[in-house]
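Below is one structure, written out as C-alpha cells, with a few remarks after it.
Every number in this text was worked out from the coordinates using simple rules, so none of it is lab data. Computed from a predicted structure; not experimentally measured. FYI the Cβ positions are ideal-geometry reconstructions off the backbone, even for glycines, and counts take in every protein chain you see.
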Amino acid sequence: MLPQLFRDTEDRMKKAVEATRAEFTAIRTGRANAALLDHVMVAAYGSEMPLRHIANVAVPDPRSIVVTPHDKSILGDIRKAIEKSDLGITPTVDGNTIRLGLPQLNEERRKELVKLVHKRAEEGRVAIRNVRRDSHEHLRSGLKDSKITEDENRRANEQLQKTTDKHIAEVDQLVAHKEKEIMEV
C-alpha cells in the first residue's frame with residue numbers, strides 16, 4: 001500500500017510543478033517568446049482552436065513575434081483572437097502574416113508581472129499541499145482499517161512531508177528564476 005501511495009503522490013506533485021512551470025511560460029518577460037501565444041484560442045472553421053494548430057509562430061528578434069497562418073482566409077480571425085487575449089499587444093497585419101511588436105516593459109508593469117508570478121506560484125503550492133492532504137487521508141484510513149501500523153504511519157507522514165518540501169522548493173526556484181527574468185532590463 002505505501003510504495004504505491006508514494007509513487008502516486010510523487011507523480012501528482014510533479015504534475016503540479018509542471019503545471020506551474022507551464023503557467024510561467026505564458027507570463028511575458030522582456031523578450032519575445034512563442035509560448036506567449038500558447039493560450040490564445042482562435043474561432044475558426046466553426047470551433048475554438050489553439051493558435052498553434054492553425055498557424056506557425058516564429059520569433060525573428062527579441063522584440064517581435066510573427067504569426068503565419070496555414071490558411072490565409074483566417075488571418076482576420078487570428079488577429080481578433082490576439083486582440084481579445086490578455087496579452088495587451090496590438091497585432092499588425094503585414095500581407096499574409098501578423099506581426100506582434102513587444103514594447104519594452106516599464107518598472108510598474110514588471111512589478112505587476114512579478115505579483116502575477118507569485119500568485120501563480122501560490123496556486124502551485126496549494127496544489128502540492130492538496131496532494132499531501134489526500135495522501136494523509138489515505139494514511140489515516142489505512143491506520144484506521146489496521147492496514148498499517150502507527151510506526152509506519154509516522155514514518156510515512158515524515159516521508160510525505162519531505163516530498164512536499166522538495167516540490168515546494170522546486171516551485172520556489174521557478175519563482176526566483178522567473179522573477180529575475182522579468183526584472184532584467
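Roughly speaking, what is the stretch gain from Glu158 to Ser73, that is 0.36 nm per residue apart minus the C-alpha to C-alpha distance, in nm to one decimal?
Working: separation 85, 0.36 × 85 = 30.60 nm, distance 5.90 nm.
This chain segment gains 24.7 nm when fully extended.
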Legend entry - Global form of the chain, assessed from the alpha-carbon gyration tensor, a/c cut-off 1.5: prolate
Inset, instruction - Between beta-carbons, use under 14 Å as the cut-off and find the net charge around Arg110, counting Lys and Arg +1, Asp and Glu -1. - result: +1
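Could you pull out the trypsin sites (Lys or Arg not before Pro) across the range 110-173 that fall in loop regions by DSSP (anything but H, G, I, E, B) with no more than 15 other Cβ atoms inside 10 Å? Spell out each step's value before the answer.
Details: sites: Arg110, Lys111, Lys115, Lys119, Arg120, Arg125, Arg129, Arg132, Arg133, Arg140, Lys144, Lys147, Arg154, Arg155, Lys162, Lys166; in loops: Lys147.
Sites meeting the loop and neighbour criteria: Lys147.
Once the piece of chain linking Glu150 and Asn56 is laid out straight, how much longer is it, given 0.36 nm per residue of separation minus the C-alpha distance between them? Intermediate results must be reported in sequence, preceding the final value.
Values: separation 94, 0.36 × 94 = 33.84 nm, distance 5.73 nm.
So the extension gain works out to 28.1 nm.
With the Cα gyration tensor of the range 34-101 in hand, give its eigenvalues times 5 under a square root as the equivalent ellipsoid semi-axes, listed largest first in whole angstrom. Can you show the working numbers first?
Values: eigenvalues 57, 33, 23 Å².
With the √(5λ) rule applied to the range 34-101, the semi-axes are 17, 13, 11 Å.
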Legend entry - Cα→Cβ-extended label distance, 7 Å offset, between Met183 and Glu123, nm: 2.3 nm
Inset, instruction - Work out, step by step, the length gained on full extension between Arg99 and Arg21: first 0.36 nm times the residue separation, then minus their alpha carbon distance; give nm to one decimal. - result: 25.4 nm
Legend entry - Estimated distance in nm for a label pair at Lys80 and Ala176, the labels positioned 7 Å out from Cα along Cα-to-Cβ: 4.7 nm
Legend entry - For the chain, calculated [θ]222 nm from helices alone, where every DSSP H run of n ≥ 4 adds -39500 (n - 2.57): -20500 deg cm²/dmol
Legend entry - Dipole moment magnitude, nearest 20 debye, the range 34-101 about Cα centre, only Lys, Arg, Asp, Glu C-beta charged: 100 debye
Inset, instruction - Within the range 102-185, list the GluC sites (Glu not before Pro) lying in a DSSP loop whose Cβ has at most 14 other Cβ atoms in a 10 Å radius. - result: Glu184
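To the nearest 0.05, what FRET efficiency results for His39 and Arg140 with a Förster distance of 45 Å applied to their C-beta separation? Intermediate values should be presented prior to the final figure.
Numbers: r = 38 Å, r/R0 = 0.85.
The value I calculate is 0.70.
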Inset, instruction - On a C-alpha basis, how far is the centre of the range 3-43 from the centre of the range 106-165 in Å? Whole number, if you could? - result: 17 Å
